[in-house]
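The values are calculated or read from the model by the stated rules, or taken from the named source; none is laboratory data. From a predicted model like this one, the values you see are computed outputs, not experimental measurements. Every residue, glycine among them, receives a Cβ derived from its backbone with ideal geometry; neighbour counts consider all protein chains shown.
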């Protein structure tokens, strides 16, 4: 299908909306009626046609507007994109991975013409047509990682692998769930996850690290993570928290359906060939409660997950104060019927909401 | 003087050790204030014969005791900032095998560690020992300004004036803990400051 | 699939270099470009030797950015279990074999101000790829290469011709030896040292560097162990409900694969940790030969690495 790119904003007047197509392909993160941390990794080798898992780097209707929002963030704060000097080769690896994947997966939108090291890259949605020399930093307007991630949805952490650990040594981070690349740059896997409650004690990070260290070329992996955001704000950074934090208090029983968004991260992991680094793209999808609950299975399940989440996790994810209001709203979509296993909407098979 | 027993914390918070003499031909010590005591505890004539000590007294009275150890080189700096060029010069033509020992406050140890790491020494190979003040070096995540010697939580950012709460999340690269606006979700509701370890 | 992604390749060159070492060139059967890799990576070569499947890891020595072909150099090990002898004698130009995607357990630390490389014998091969990678990025490196004799000095002529100021060769038969003490003493901060060669050389470098105050993180080594033959033994598998005889020249991993088990692996040489298996009970002695388990873990006897370790005794039961 041809994607109709929306002209919308993720700040100020918040004109972001999901089409019906985007709602039904939303990566709903709960495979059962409760949530607890797990490593939950699986191979990233496609998925059902039209789903966000189908392509290596999903492009959707928000692409052009998300890239415009990223440019605004970077103009205000260039420290959101940083690469320690030894990570340049990994940046070229990433540029190649994305250009090859997008040109193969979306040939009508992106084209890559290679003549030895002389490469021409055409990005139709963003109106880019650049010719450069692969591995020659002087032929691009930005470093290779910044150049390609200004054209790709999602945040990117580029992790150096050494001493049996992963190190956050480069990244493009403008749509994050409240963590600072500038602060975490140079940390190892355990250090940058240090503020996450419970998971350390459960051994989650030990197991996840072991898995990630062994990800091999040609065998990428993926998992989902989630949090909550009031308003479709992409840039929920600590840097700007003193400005956006107050938005959490603007929820009312009347506006919560439109304003409260479930924020899902599709995290993928690729081994980069020349640098032996690991790239960790974190793609953010937003969906309002109002839109999510149009899928009857998701409405029932979201209510149960939010209701039963341990208080430490609701606090860490930043919505513990709003939880009672969320539950008041969501309970009208939970008629107590059982839900089918798995994350898919099951539109044909799940019964519609039985109105009280 | 007894050493402060830091409470258990998250995995990004540094864990300070106890200095021990290690094999090597050259030894570089950086210490401030009460950190001198840690050097006095570990010093032997053999170790001192290959040692360069950079010491910032910050009002403490240990410089003469350190001088009396007769290290190969001794420098008393008026401030940490004023000592940085000398530290960089020492690291500039040092060889692999140089042993680095840091002692004193978290702020000075953290900054000197960042210098040594930038010079090519893995952070795990650098020895540390905390002595003296437990005040923290804080970075405001909003304006990026550094406030030195913070003893209370919350505190006022010395640059942008926001009231910040003191996290245990620590950046080795910045040599600072993270400070985040405490009243971001309820402007003006700032708790009464208390000592960080109270 | 337990060894990761695989590639079907054809042998397009077989070049004897000297009495012991032969070089093989591989190109993809489907004619597509091979994956790029990072200097220090290896590939696991699968050989069909009658009804026996041999899998041996070899360092990739070609230019990591050259996607047209891969090359490896194989030293014939007459005392070994026959994998290298099989490659030397039974694999020829035109043959099709399967290799794994490149895996790197010996990568360069790209933060290093200087890369100091120490090679012994056939341990030169990963450095050949690393040197090509570093040359492309104008990296700062220096190689010290110890060989038995001039005639057994694989790639000495090429290296010294291309890099006369950066390559230093030492001949055992002339009594020449790397002056490791002096070398380690003079290196600037930020130098990383890499060693690949016989076990004795690797241990010597680690020991000397530690004694000279080098941080462990700045000392890198790679030694693939070839599984050693030993006495035959029997192993019982609780999950599979099978009993397996491990032959004298067969590794435990190979025996598991022969009966249809599929333990994960990346190196088959005791380094990657993938095939780690829990021991349910053991009446006898586990002969640990890997680099993966800690000394404490080896002493505890609760885990075994089937790729290189063996067993002597009356009964071994594994959780597999």
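Are there strands (runs of 3 or more DSSP E) fully within region C:108-172 with at least 2 residues that are touching a helix residue (DSSP H, G or I) at 6+ places or on another chain (Cβ under 9 Å), more than 14 Å from chain A (Cβ to nearest Cβ) and closer than 22 Å to residue C:224 by Cβ? List them. Before the answer, list the steps.
Values: elements: C:114-120, C:141-147, C:167-171.
Result: C:114-120, C:141-147.
The set of residues in region A:258-311 being part of a loop (DSSP other than H, G, I, E, B) and away from every other protein chain (no Cβ under 14 Å) consists of A:293, A:294, A:295, A:309, A:310.
Taken over region B:78-95, the criterion of being within 14 Å of chain C (Cβ to nearest Cβ), under 21 Å from residue B:57 (Cα atoms) and either surrounded by fewer than 20 Cβ atoms within 10 Å (Cβ to Cβ) or free of Cβ contacts under 8 Å to residues at least 40 places away in the same chain (or both) is satisfied by B:88, B:89.
Can you tell me how many residues in region C:253-272 are in a helix (DSSP H, G or I) and in contact with a strand residue (DSSP E or B) (Cβ under 6 Å, 6 or more places away or on another chain)? Walk me through it before giving the result.
In the first step, residues of region C:253-272 are kept if they are in a helix (DSSP H, G or I); the result is C:253-258.
Remaining after also requiring in contact with a strand residue (DSSP E or B) (Cβ under 6 Å, 6 or more places away or on another chain): C:255.
Qualifying residue count, region C:253-272: 1.
Evaluate the following for residue B:67: is it in contact with a strand residue (DSSP E or B) (Cβ under 6 Å, 6 or more places away or on another chain), more than 12 Å from every other protein chain (Cβ to nearest Cβ) and either touching a residue at least 40 places away in the same chain (Cβ under 8 Å) or within 30 Å of residue A:240 (Cα to Cα) (or both)?
Details: in contact with a strand residue (DSSP E or B) (Cβ under 6 Å, 6 or more places away or on another chain): yes; more than 12 Å from every other protein chain (Cβ to nearest Cβ): yes; either touching a residue at least 40 places away in the same chain (Cβ under 8 Å) or within 30 Å of residue A:240 (Cα to Cα) (or both): no.
Judged against the criteria, residue B:67 is not a match.
Exactly one residue out of C:55, C:60, C:34 is in contact with a helix residue (DSSP H, G or I) (Cβ under 9 Å, 6 or more places away or on another chain) and at pLDDT 95 or above, and it is C:60.
Every condition in (1) within 25 Å of residue B:194 (Cβ to Cβ); (2) within 14 Å of another protein chain (Cβ to nearest Cβ); (3) touching a residue at least 60 places away in the same chain (Cβ under 8 Å) holds for residue B:134 except the one numbered (2).
Just to be sure, is residue A:182 crowded, with 22+ Cβ neighbours inside 10 Å and touching a residue at least 12 places away in the same chain (Cβ under 8 Å)? It is true that residue A:182 is crowded, with 22+ Cβ neighbours inside 10 Å and touching a residue at least 12 places away in the same chain (Cβ under 8 Å). Any idea which residue in region C:3-31 is modelled with the lowest pLDDT, counting only those that are within 14 Å of another protein chain (Cβ to nearest Cβ) and under 20 Å from the mean Cα position of the chain (by Cα)? Step by step, filter region C:3-31, then rank; the result is C:3.
To keep it simple, each residue is scored yes or no on (1) crowded, with 24+ Cβ neighbours inside 10 Å; (2) at negative phi.
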site	(1), (2)
C:89	no, yes
C:100	yes, yes
C:114	no, yes
C:138	no, no
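Of everything listed in (1) in contact with a strand residue (DSSP E or B) (Cβ under 7 Å, 6 or more places away or on another chain); (2) at pLDDT 95 or above; (3) within 14 Å of chain C (Cβ to nearest Cβ); (4) exposed (fewer than 14 other Cβ atoms within 10 Å of the Cβ), the single unmet condition for residue A:90 is (4). Taking the criterion of being part of a loop (DSSP other than H, G, I, E, B) and away from chain B (no Cβ under 12 Å), the residues of region C:196-214 that qualify are C:197, C:198.
To keep it simple, each residue is scored yes or no on (1) away from every other protein chain (no Cβ under 13 Å); (2) modelled with pLDDT of 95 or more; (3) assigned to a helix (DSSP H, G or I).
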{"position": "B:97", "(1), (2), (3)": "no, yes, no"}
{"position": "B:102", "(1), (2), (3)": "yes, yes, no"}
{"position": "B:107", "(1), (2), (3)": "yes, yes, yes"}
{"position": "B:113", "(1), (2), (3)": "no, yes, yes"}
{"position": "B:116", "(1), (2), (3)": "no, yes, yes"}
{"position": "B:129", "(1), (2), (3)": "yes, yes, no"}
{"position": "B:139", "(1), (2), (3)": "no, yes, no"}
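Among the candidates C:237, C:184, C:189, the residue that is in contact (Cβ under 8 Å) with a residue 24 or more places away in the chain, more than 14 Å from every other protein chain (Cβ to nearest Cβ) and in contact with a strand residue (DSSP E or B) (Cβ under 9 Å, 6 or more places away or on another chain) is uniquely C:237. Residues being in contact with a helix residue (DSSP H, G or I) (Cβ under 8 Å, 6 or more places away or on another chain) and assigned by TED's automatic domain parsing to the domain that holds residue C:12: count how many of those fall in region C:93-107. Number of matching residues: 0. Screening residue A:330 on (1) outside any helix (DSSP H, G or I); (2) without any contact (Cβ under 8 Å) to a residue 60 or more places away in the chain; (3) crowded, with 20+ Cβ neighbours inside 10 Å shows it passes everything except condition (1).
Residue A:256 meets each of the listed conditions (1) under 22 Å from the mean Cα position of the chain (by Cα); (2) at pLDDT 95 or above; (3) more than 17 Å from residue B:184 (Cα to Cα) apart from (1). Check region B:29-38 and report whether any residue there is away from chain C (no Cβ under 14 Å) and part of a loop (DSSP other than H, G, I, E, B). Among the residues of region B:29-38, at least one is away from chain C (no Cβ under 14 Å) and part of a loop (DSSP other than H, G, I, E, B), which makes the answer yes.
Residues in region A:93-111 that are touching a strand residue (DSSP E or B) at 6+ places or on another chain (Cβ under 6 Å) and surrounded by fewer than 18 Cβ atoms within 10 Å (Cβ to Cβ): A:111 alone.
Give the residue that is farthest from the other protein chains (Cβ to nearest Cβ), with candidates limited to residues of region B:141-153 that are within 28 Å of residue A:78 (Cα to Cα) and in a loop (DSSP other than H, G, I, E, B). Looking at the filtered set, the residue picked out is B:145. Among residues of region A:334-352 that are free of Cβ contacts under 8 Å to residues at least 40 places away in the same chain, those with a Cβ under 7 angstrom from a residue that is in a loop (DSSP other than H, G, I, E, B) and buried (at least 16 other Cβ atoms within 10 Å of the Cβ), sequence gap 6+ or separate chain, pair up as A:335/A:353.
If you check C:217, C:228, C:248, which single one turns out to be surrounded by fewer than 19 Cβ atoms within 10 Å (Cβ to Cβ), within 14 Å of chain B (Cβ to nearest Cβ) and either assigned to a loop (DSSP other than H, G, I, E, B) or in contact with a helix residue (DSSP H, G or I) (Cβ under 8 Å, 6 or more places away or on another chain) (or both)?
Values: C:228 fails: within 14 Å of chain B (Cβ to nearest Cβ); C:248 fails: within 14 Å of chain B (Cβ to nearest Cβ).
C:217 is the lone residue from the list that is surrounded by fewer than 19 Cβ atoms within 10 Å (Cβ to Cβ), within 14 Å of chain B (Cβ to nearest Cβ) and either assigned to a loop (DSSP other than H, G, I, E, B) or in contact with a helix residue (DSSP H, G or I) (Cβ under 8 Å, 6 or more places away or on another chain) (or both).
Checked against (1) in a loop (DSSP other than H, G, I, E, B); (2) farther than 28 Å from residue A:237 by Cα, residue A:100 passes all but a single condition, namely (1). Within region A:232-257, the residues that satisfy the criterion of being more than 14 Å from chain B (Cβ to nearest Cβ) and in a loop (DSSP other than H, G, I, E, B) are A:232, A:234, A:252, A:253, A:254, A:255.
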